[in-house]
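Q: Submitted below is the structure of interest, expressed as structure tokens.
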Amino acid sequence: MRRVVVTGLGMVSPLGCGVEPTWKRILDGQSGARRIESFDVSDLQTKIGCTVVRGDGTNDTFNPDIWMEPKDQRKVDDFIIFGMAAAGQALDDANWHPETEEDKCATGTMIGSGIGGLNGIAETAVLLKERGPRRVSPFFIPGRLINLASGYVSIKHGLKGPNHSVVTACSTGAHAVGDAARLIALGDADVMVAGGAESPIGRIGIAGFNAARALSTAFNETPEKASRPYDKDRDGFVMGEGAGVLVLEELEHAKRRGAKIYAEVIGYGLSGDAYHITSPSPDGDGGFRSMAAALKRAGLTASDLDYINAHGTSTPLGDEIELGAVERLLGNAASKVAMSSTKSSTGHLLGAAGAIEAIFAILAIRDNVVPPTINLDNPSVETAIDLVPHQAKKREVNVALSNSFGFGGTNASVIFRRLVH
Amino acid sequence: MSEIGERVKKIVVEHLGVEPEKVVDAASFIDDLGADSLDTVELVMAFEEEFGCEIPDDAAETILTVGDATKFLEKNAKS
């Protein structure tokens, strides 16, 4: 199979618009959680979220006008605009702007979302009820469909290769990176623009996740403390929004054009829990098998891992189940591996989480540093694994694994390695 | 331009994101102002909303230019 490398990164996150500003704030131990101001939260149990800060683009704020014309922004939910921004950044970073028909046809898109245009669906349902079907916009459907993030990116950049999209809840971003890498490995494309985008923050999204008892509700007055994976006071995840997109490329293609290479995608594993729609299997076997499959594909053993970017959402059940699965995987190697949850800083971006976290795993390799798990004051269980509480740590990172687990019992693990020739 | 014409122009500029000076009576939504078939459906909806009238599909099909819209609405506008 052909080898696949990462040559471009792009991101819109609650910590800023752009990969470097987000990464810097993560390493500084900052939180992107804040009180929600854009809609009424008075009757919602959860009043906080990791929102993207909109602005004119200065101070790393997100200015949608840079990425999509205002007339098109009106037609779509925010996840598509976030996806356009992250994809535009990633293609610029990779310096890949296909001009010839051959290059265009060799470049594809695979940007997924967990939920897609939830807010637009809710608003339009109200409009339909109150004012009737004639008021429903012709852009209602195409502006809400999950694969339209890929669609808009493909149209804007003239990408005529595979035009695909992943929908696996909170595993979406990781599956997109893994599946896109496979399309390149198998020769369906030479370059893939892959990742996830999500805009779930709205009254309906919060009401739904609150009903499922998934969100933090105890930290409305101190939002920056709410996302606290592995800490004994954790009480649910903090919803985030944004997008992460990677440019994946066949190794020789990247070398021929002298592209900057961040890392190689060397392993990808998938599994199903076959247990429950929202709860992870208590024995963590699904996560274990997904990681083990990724290691097998990479031709590595667990002791080769330096860093794990955990799924670690800050829910009471999930964090310890994942930790148990990782301990089982690592065995005696547990004490030499660092594992942190960057969701402590970014919140949980659902379908975009796996993509931004793949990027953090890659940056850990690039910079030989592991990002912290902030708010980890009192771990709820003892472990030999370094959970990197509070502060980032310099350490050699050559191999990093990123985990993502989703509703429906869907698990994905992706492994990156510093390029060795 | 009539008062209705000005309101039509404002809607077209807003929805199609075009320069105001391009929005002249003879301008075709699709050929001159870059609209696609979905944009024209939405434009008609915006006219209905602004002018408080219903534009039946067979009438909508005859509204191809800015002038067509102004002419139709000068006859049928209710607000």
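Every number here is computed from the coordinates shown, using simple stated rules; none is lab data. Here the structure is a predicted model, which means the values were calculated and not measured. Cβ sites come from the backbone with ideal geometry, for glycine too, and all protein chains shown count toward neighbours.
Q: At 7 Å along the Cα-to-beta-carbon direction for both B:Thr62 and A:Gln391, put a label point, then send me their distance in nm to one decimal.
A: If labels sit at B:Thr62 and A:Gln391, their model points lie 7.8 nm apart.
Q: Okay, moving on. Projected onto the charge dipole of chain A (+1 at Lys/Arg Cβ, -1 at Asp/Glu Cβ, origin at the Cα centre), which of A:Ala226, A:Leu159, A:Gly267 gives the Cα projection farthest towards the positive end?
A: Towards the positive end, the residue furthest out is A:Leu159.
Q: At 7 Å along the Cα-to-beta-carbon direction for both A:Lys24 and A:Ala207, put a label point, then send me their distance in nm to one decimal.
A: Between A:Lys24 and A:Ala207, the label points sit 4.1 nm apart.
Q: Using only the Cα atoms, work out Rg/Rh for segment A:47-144, with Rh taken as the Kirkwood radius, to two decimals.
A: My calculation of the ratio gives 1.04.
Q: Let me ask something additional. Counting each DSSP H run of 4 or more residues in the protein assembly as shown as -39500 (n - 2.57), what helix-only mean residue ellipticity at 222 nm follows after dividing by all residues, to the nearest 500 deg cm²/dmol?
A: Helix contribution divided over all residues of the protein assembly as shown: -10500 deg cm²/dmol.
Q: Which residues in segment B:22-40 have a backbone N closer than 13 Å to a point placed 7 Å from the Cα of B:Glu50 along the Cα-to-Cβ line?
A: Taking a point 7 Å out along Cα→Cβ of B:Glu50, the residues of segment B:22-40 whose backbone N falls under 13 Å are B:23-25.
Q: Also, I was wondering about something else. Of A:Ser13, B:Val8, A:Thr61, whose Cα points farthest to the positive end of the dipole of the protein assembly as shown (charges on the beta-carbon: +1 Lys, Arg; -1 Asp, Glu; origin at the Cα centre)?
A: Going by the charge dipole, the pick is A:Ser13.
Q: Also, I was wondering about something else. Using 0.36 nm times the number of residues separating A:Lys71 and A:Asp92, minus their current alpha carbon distance, what extension gain do you get?
A: Numbers: separation 21, 0.36 × 21 = 7.56 nm, distance 2.34 nm.
Using 0.36 nm per residue and subtracting the Cα-Cα distance, I get 5.2 nm.
Q: Mind checking the dipole of the protein assembly as shown: about its Cα centre, +1 per Lys or Arg Cβ, -1 per Asp or Glu Cβ, Debye to the nearest 20?
A: It comes to approximately 1520 debye.
Q: Could you give the alpha-carbon Rg of segment A:302-396 over 2.2 N^0.38 Å, rounded to two decimals?
A: For segment A:302-396, the normalised Cα radius of gyration comes out at 1.00.
Q: Based on other C-beta atoms within 10 Å, arrange A:Val136, A:Val126, A:Val414 from fewest to most.
A: A:Val126, A:Val136, A:Val414
Q: Using the Cα centre of segment B:1-74 as origin and beta-carbon charges of +1 (Lys, Arg) and -1 (Asp, Glu), tell me which of B:Leu38, B:Ala26, B:Ile63 is placed farthest towards the positive end of the dipole.
A: The Cα lying farthest towards the positive end belongs to B:Ala26.
Q: Quick one: of the DSSP bridges fully inside segment A:168-284, what percent are antiparallel, nearest 5? Don't skip to the end; give the middle numbers.
A: Numbers: 8 of 9 bridges.
Bridges in segment A:168-284 are about 90 percent antiparallel.
Q: Right, here's the next one. Connecting C-alpha atoms closer than 10 Å in a GNM of chain A, tell me which of A:Arg213, A:Arg25, A:Arg256 has the biggest fluctuation.
A: A:Arg256
Q: Springs between alpha-carbon pairs under 10 angstrom, Gaussian network model over chain A: which of A:Gly16, A:Gly32, A:Gly331 fluctuates most?
A: A:Gly331
Q: What number results when the radius of gyration of segment A:232-342, computed over Cα atoms, is divided by 2.2 N^0.38 Å?
A: Its radius of gyration relative to the 2.2 N^0.38 Å reference: 1.25.
Q: Can you quote the Å³ per residue value for the convex hull of the Cα atoms in the protein assembly as shown, rounded to an integer?
A: 153
Q: Applying the Karplus parametrisation 6.51 cos²θ - 1.76 cosθ + 1.60 with θ = phi - 60° to the phi angles of segment A:176-184, what ³J(HN,Hα) value in whole Hz is obtained for each residue in order, glycine and proline being reported as x?
A: Using θ = phi - 60°, the values come out as 4, 5, x, 5, 5, 4, 5, 4, 6 Hz.
Q: Same structure again: Under unit Cβ charges (Lys, Arg +1; Asp, Glu -1), what dipole magnitude, rounded to 20 debye, does segment B:22-68 have relative to its Cα centre?
A: About 200 debye.
Q: In what order do A:His311, A:His164 fall by count of nearby beta-carbon atoms within 10 Å, going from fewest to most? Kindly include the intermediate steps, with their values, before the conclusion.
A: Details: A:His311 32, A:His164 21.
Ascending number of Cβ neighbours within 10 Å: A:His164, A:His311.
Q: Turning to a different aspect of this structure: Across the residues of B:44-57, average count of Cβ atoms on other protein chains within 10 Å?
A: 1
Q: Counting only C-alpha contacts under 8 Å and six or more residues apart, can you give the relative contact order of chain A as a whole percent?
A: Relative contact order here is 23 percent.
Q: Calculate the length of the line joining the C-alpha centroid of segment A:96-130 to that of segment B:1-62, in whole Å.
A: Using only Cα atoms to place each centre, the spacing works out to 26 Å.
Q: Next question, about the same structure. Over chain A, what is the percentage of antiparallel beta bridges among all DSSP beta bridges, to the nearest 5?
A: So the antiparallel bridges in chain A amount to around 70 percent.
Q: Name the long-range amide H neighbours of A:Ala263: under 5 Å, sequence gap of 5 or more, or other chain; modelled H, no Pro or chain starts.
A: A:Val6
Q: Of all the C-alpha pairs in chain B, what % are more than 21 Å from each other?
A: 14
Q: By its C-alpha gyration tensor, with a ≥ b ≥ c as the square roots of the eigenvalues, how is segment A:234-297 shaped: rounded for a/c under 1.5, else prolate for a/b larger than b/c, else oblate?
A: Judged from the Cα gyration tensor, segment A:234-297 comes out oblate (a/c at least 1.5, b/c at or above a/b).
Q: Here's a follow-up. Exposure proxy check: A:Arg228, B:Arg7, A:Arg135 ranked by fewest other beta carbons within 10 Å? Mind showing how you got there, number by number?
A: Details: A:Arg228 27, B:Arg7 17, A:Arg135 14.
Going from sparsest to densest Cβ surroundings: A:Arg135, B:Arg7, A:Arg228.
Q: Can you pull the one-decimal nm distance between simple spin-label points at A:Glu130 and A:Lys156, each 7 Å off the Cα toward Cβ?
A: Modelled inter-label distance: 3.0 nm.
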